[in-house]
Amino acid sequence: MRQTAFLLSFILLNIIFSCTEPTPIGSELLEEDQANLNFSNSIPVSAKTVEGTAIPSYSPFATFQLPTYLFGEIDDPVFGKSMASVYSQVSKNFEPPFSEGIFAVDSIILSIDLDSLNNFGSFSEPLSVEVFRLQEAMFNTSDYVSDRTFMTDEELLGEAIFTPSFIDSIEIGNYINGTDSIVTTVQSAHIRVPLQLEFGQELLDTALYASDTTFANFLKGIYIKPATSNGGLVSFNFNSSISRITLYYRSAQRDILYEYRYPFTVGNARSSLLVHEPEGAAISDAINKENADFLYMQSMAGTNIEVNFPDISGFENIVVNKAELELTVASEELDTTRFPLVQQIVASSLRDGELEVVDDVLAAILSTNPINTDVFGGNPVTEIVDGVALTKYKINLSSYFQTLLEGRSDPNILLTAGATQAAFYLPIVPKGNRGNTVVLYGPNHPKYAPKLNLIYTDL
């Protein structure tokens, strides 16, 4: 019902946008129509940095799930400490692993593919990874959010130190089961974590493979966490065939190496744990402070920006042709060589007590995939203003502002570094698997304060 209502709303939005889209200069508007257009940027805009909230991290619906999962811990002087770790179920293979005989474990390796296009920060120092077994079950029929924790064993299952390389491939030699032949394959960059041999020995128990339920009761899942702070965040791609646990074992009768793979599948529950600690960083003085000098926005589950239009008197009887919120980047406050700017700001408002993206975002998403920045904006654009290069975000709020003037919308909107809601049309701009940040000038800035550029027609 909700999706049907949304599609009907989209059709109406197309009608609204076709009527309200501002006509470019140079078009053949009648002179009397041009004379009826008015412009204002005097509507007060209040804004503040607000704490981030837990965001969707797993859904039973594949289209709602994150495509990759951040990993790492960074300590930034502007935004403070941020940590990303991952809980995941593991599957057994389809075929039973062991025939009759006596076997001994040679090694057991956790390998995870690295997403070369979704990493953030610098990697001059190696990353440390620790792996633990889950004591608490995950369920692939449940929804999880980014602050959900699961009980784990205290004892380490495995650990490793690695320096990410996103262009170097790795040569892996694997025995062909039941022979003494080795096949060497070249695989994309990934991490390899040796796991405890005792764990591998437990996996040799053939009774564990009687059913998926039997195996899941034995191995509820694993927890992968960073052990130390570093300068960057990597992304794990669990959808790759490289990502798996591989058990290497030998036959006692013949000295031949075998392997058995435990894959990560689409049917596995998998959830990010995202933690932010802003204490001691520059951002800590701005959180929940009205009209501070700077506004701070983070991806992951980090801070958002709340914008308010406290006084819209005098504009009640108009038709909005275009309402565009303009925000300017405070570039002197950022080190964009480490963490790139937020690539897509998404605006949401309260509707029936729930936070939902504004209609302008929905129209932009459905007009093209990914989001059509010509319709909504929300992406960084550099302009030359008075001889100075400025990076700005221009966010189209035309439909939202019309409903605000009609008393049908809340005067507060929330700006986030990507989508925070789980919906079939939003995974293209997720907030939960990005590491981007941005600092913007606040309402007190004498020259680059946030402003609303309004083009309208009097009724």
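The values are calculated or read from the model by the stated rules, or taken from the named source; none is laboratory data. The structure displayed is predicted, hence computed values, not measured ones. FYI the Cβ positions are ideal-geometry reconstructions off the backbone, even for glycines, and counts take in every protein chain you see.
Quick look at the values:
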item: Residues located in the range 188-216, provided they are part of a helix (DSSP H, G or I) and in contact with a helix residue (DSSP H, G or I) (Cβ under 9 Å, 6 or more places away or on another chain); result: GLU202, ALA207, LEU208, TYR209, THR214, PHE215
item: Flag for SER251 being small (Gly, Ala, Ser) and closer than 26 Å to ASP205 by Cβ; result: yes
item: Of all residues in the range 35-55 being of a type in the set (Ser, Thr, Tyr) and not in a strand (DSSP E or B), the one that is surrounded by the most Cβ atoms within 10 Å (Cβ to Cβ); result: THR53
item: Residue satisfying all of: in the range 213-241; surrounded by fewer than 19 Cβ atoms within 10 Å (Cβ to Cβ), β-branched (Val, Ile, Thr) and under 27 Å from PRO67 (Cα atoms); modelled with the highest pLDDT among these; result: THR213
item: Output for the range 33-75, where each listed residue is modelled with pLDDT under 90 and acidic (Asp, Glu); result: ASP33
item: Any strands (runs of 3 or more DSSP E) falling wholly within the range 279-386 and containing at least 3 residues that are free of Cβ contacts under 8 Å to residues at least 40 places away in the same chain and closer than 21 Å to ARG434 by Cβ; result: 377-385
item: Cross-chain or 6+ apart pairs with Cβ under 8 Å, the range 204-232 first and closer than 26 Å to SER146 by Cα and not assigned by TED's automatic domain parsing to the domain that holds GLU155, then in a strand (DSSP E or B) and modelled with pLDDT of 90 or more; result: none
item: Looking only at the range 238-278, and only at residues there that are part of a strand (DSSP E or B) and acidic (Asp, Glu), the one that is nearest to ALA104 (Cα to Cα); result: GLU259
